[in-house]
Amino acid sequence: MAAAGQAGIAQFLTSLSLGFVQTRMEIILFFVIIIVFLAAISAYFAARSRRGHRELVPRSRDLIGRLYEKLGLNEQEAALLGRLAQYLDPKDSGHSLLIDSHVFDACVRRMSRAGDVSQPTLNALRLKIGFRITQNQEAPSSTAELPSGAPLLLQLKGGARARGTILAQGAGAMLVKLEPGAPPLAIGMSVTMYFHNAAGIFSFPTRITDMNEDAVFLAHSSTITHQQRRKYYRRRESLPVFVRPAATTADPVQTILLDLGGVGASLQNPKGLLKRGDLLELSFTPQAEKVTYVARVMRVSKLGRVANVRFESLSEAERNRIMGFIFTQAE
């Protein structure tokens, strides 16, 4: 009886195991079904990608046209952008040249490696699009080293001043576009040219070698007559400034800005209320326009009477605005 039971169990297990054995044809058929399924999925996503690309191309072209019109690009600038577009990464759309500085710079680097580049022309196009010029942060030894797109200040012997931007560098002179309101200038006139970057404020004696309606050619100079060496140079000020805790509707408290730089400032601590670590909103008017920056109190000094703050999340444009104000006050 026991032997018969054991034989029955063995027969049951044998029949159960046979249910998991597949024929060779069944295994091949299974893999064929899997391959067909994966091919169908791949074909679907490829068709969807092509359809999306076909829809993206006219949208990109339309956007490029509207950006060209908004920026006021001329035929030469449009042609230069067309040359740059030849160096686009396949994953980047054509209009990304006009909205993404990283894409623009990557194309410039590829064009430079190919030897098909005019740096001053590219810098002028970069500025017109609205991308920032990356400036050398070292102390220059000659005006020939100053980057295209950099702002500068011209001071005449009588004290009058003119602001401008370097458009291009030449063998013996550089071309500077003047801002509206410049005082009368003349060929042969001697001027002092001020330039600033993160290394400090520098001045060079130079002269006007040629000019047209809104631009002048300045002779290159390698003589530095004035130099303030300090990263993000600070200047002593005495400006009213309004202070309140950041992200609040509290009434601002007026105090005095004591000095100002590209990374921070010092101000009188109103009634000793400011403490290290406080996050503040500072509002002041360095020129005609009121500005507001967020700053953190790094320390208090002079028995709590002075608060030293560092600007938080300051954009390069905002930093340049501060440095521009300091720069125009240079003696």
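Worth pointing out:
- Residue match in the range 176-186 (condition: modelled with pLDDT of 90 or more, in a strand (DSSP E or B), among the β-branched types (Val, Ile, Thr) and buried (at least 17 other Cβ atoms within 10 Å of the Cβ)): yes
- Residues being within 28 Å of the chain's Cα centre (by Cα), assigned to a loop (DSSP other than H, G, I, E, B) and crowded, with 16+ Cβ neighbours inside 10 Å - total across the range 247-270: 2
- For GLN135, the conditions (1) modelled with pLDDT under 75; (2) part of a helix (DSSP H, G or I) all hold with the exception of (2).
- Verdict on SER118 being exposed (fewer than 15 other Cβ atoms within 10 Å of the Cβ), at pLDDT 70 or above and either within 30 Å of SER222 (Cβ to Cβ) or among the basic types (Lys, Arg) (or both): no
Matching residues to (1) modelled with pLDDT of 75 or more; (2) over 21 Å from the mean Cα position of the chain (by Cα):
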position: TYR293; (1), (2): yes, no
position: MET298; (1), (2): yes, yes
position: LYS302; (1), (2): yes, yes
position: ARG305; (1), (2): yes, yes
position: ASN308; (1), (2): yes, yes
position: PHE311; (1), (2): yes, no
position: ASN320; (1), (2): no, no
position: GLY324; (1), (2): no, no
position: THR328; (1), (2): no, yes
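- Qualifying residue in the range 153-163 (condition: closer than 25 Å to ARG126 by Cα and not in a strand (DSSP E or B)): no
- Listed conditions (1) at pLDDT below 90; (2) in contact with an Asp or Glu (Cβ under 9 Å, 6 or more places away or on another chain) are all met by ILE256, apart from (1).
The values are calculated or read from the model by the stated rules, or taken from the named source; none is laboratory data. Since we're looking at a predicted model, the values are computed, not measured. Glycine also receives a Cβ, built like all others from the backbone with ideal geometry; neighbour counts cover every protein chain displayed.
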